[in-house]
Amino acid sequence: MSTRRKSIVAGNWKMNLDAAKARSLTEAIAAGAKQTGSVDLVLCPPALYATTVAAALGLAAGVAPSGVALGGQNAHDKESGAFTGEVAPGMLRDIGSRYCILGHSERRTLFGETDATVNAKVKAVLAAGLTPIVCVGESLAERESGRTEAVVTEQVLGSLAGIPADDLATIVVAYEPVWAIGTGKVATPQQAQDVHALVRALLGRLSSPTVADTIRIQYGGSVKPDNAAELAACPDIDGALVGGASLKADDFLAIAKAFG
Ligand code: PEP
C-alpha cells in the first residue's frame, strides 16, 4: 500500500444472493464502513439488484452517506440498442454506479471475452463517466510454464490500448491470478507484488511513470481477513477485488480495514 494512493476494496458478488440478502448485506457493510479507515469501498452486485443496493446505500438521494460506492460486474460496449440481455454503461451510471468491473477471468473464460472486447468496454465505460476496474491475470498452466509476465503484459497492453493518459490516470486495474480465484490458494505477497510492479511499469509505458504512480492496482484471488494485511503491506498493492469473502459483511469489512 502506498501513501500516495488511497486503497480501494471492491466486492464482486457475482451471481449470488437474493434481493433481501443483497439489502441486508449492503446495510451491514454501510453501517461498518466508517470504521474501516481511509479506503474506498465498492459493492458490485448482480445487475438486477443494483437498484436495491443503490437504495440501501441511499444513492437515490445522489449522495452515499456511508461513502460506499456502487459498481457493475460487466457492461456492454454500446450505449443502447438491440442487445438482448445486456446492460449499457449509461444504465449503470443512471442508477448511481461509479465503477464497473471489466474483463473478469470468468468473463474471459466462460463468455469468450478477449482483450479487444475488454478494450471496447473500457472505452465505453469511461465515456459513460464510470471508472473501469480492469481485470488481468494468468491461469495455472500459464504460471507453471513461466508465461505469467508475457500473458499479463499482453492483457494490460491489449485491454488498455488507445486510452489517453488522462483517462488511464482514473482507472483501476485488478491483478487476479486465475488459479487463486475461488480456490483458497492466495498468491504469496511476493508473487503478487512482482506482478503488480510489472503492471505499473506497463501502465507507465502506456502513459508515463508519473501517471502510472497514481493508478490503483488491486489484488484479487482468495483474499480473506487473515491474508489481507500481508498483501496490503506490499508497496504496489492498492486494495483488493474480493469474491467469496465479500458476501460476509464482517469479512469484507475486516479486509477493508487491513487496507484502510
Ligand atoms: C473474484 O472473483 O474476483 C475473486 C477474487 O474471487 P475470490 O475472492 O472468491 O477468490
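If the Cβ limit is 7 Å and pairs must be 6+ apart or interchain, which residue in the range 179-202 that is more than 16 Å from the ligand (Cβ to nearest atom) pairs with which residue that is among the polar types (S, T, N, Q)? Taking only residues 6 or more apart or on different chains, the pairs are LEU202/THR153. When ALA75, ALA30, ALA50 are screened for being within 21 Å of GLY243 (Cα to Cα), touching a Cys at 6+ places or on another chain (Cβ under 6 Å) and modelled with pLDDT of 95 or more, only ALA75 passes.
Let's see how each residue does on (1) loosely packed, with under 14 Cβ neighbours inside 10 Å; (2) assigned to a loop (DSSP other than H, G, I, E, B):
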{"residue": "GLY184", "(1), (2)": "yes, yes"}
{"residue": "VAL195", "(1), (2)": "no, no"}
{"residue": "GLY204", "(1), (2)": "no, no"}
{"residue": "VAL223", "(1), (2)": "no, yes"}
{"residue": "ASP226", "(1), (2)": "yes, no"}
{"residue": "GLU230", "(1), (2)": "no, no"}
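The rows are residues; the columns are (1) more than 16 Å from the ligand (Cβ to nearest atom); (2) crowded, with 22+ Cβ neighbours inside 10 Å; (3) polar (S, T, N, Q).
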residue	(1), (2), (3)
ASN12	no, yes, yes
LEU17	no, no, no
ARG23	yes, no, no
THR26	yes, yes, yes
SER38	yes, no, yes
PRO45	no, yes, no
ALA55	yes, no, no
LYS78	yes, no, no
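Checking each residue of the range 144-162 against the condition of being more than 16 Å from the ligand (Cβ to nearest atom), in a loop (DSSP other than H, G, I, E, B), within 23 Å of GLY239 (Cβ to Cβ) and small (Gly, Ala, Ser) gives no match. Among residues of the range 97-141 being assigned to a helix (DSSP H, G or I), away from the ligand (no atom under 14 Å from the Cβ) and polar (S, T, N, Q), the one that is surrounded by the most Cβ atoms within 10 Å (Cβ to Cβ) is ASN119.
If you go through the range 152-167 one residue at a time, do you hit one that is among the polar types (S, T, N, Q) and closer than 23 Å to ARG93 by Cα?
Kept after step one, since they are among the polar types (S, T, N, Q), are these residues of the range 152-167: 153, 155, 159.
With closer than 23 Å to ARG93 by Cα added as a condition, the list becomes 159.
Within the range 152-167, one or more residues are among the polar types (S, T, N, Q) and closer than 23 Å to ARG93 by Cα.
Taking the range 68-96 only, how many residues are part of a loop (DSSP other than H, G, I, E, B) and not aromatic (Phe, Trp, Tyr)?
Restricting attention to the range 68-96, the residues satisfying the condition of being part of a loop (DSSP other than H, G, I, E, B) are 68, 73-88, 95-96.
This time we only want the ones that are not aromatic (Phe, Trp, Tyr), so: 68, 73-82, 84-88, 95-96.
Matching residues across the range 68-96 total 18.
The values are calculated or read from the model by the stated rules, or taken from the named source; none is laboratory data. Computed from a predicted model, the values in this text were never measured in an experiment. Using ideal geometry, Cβ is built from the backbone for each residue, glycine included, and neighbour counts are taken over all protein chains shown.
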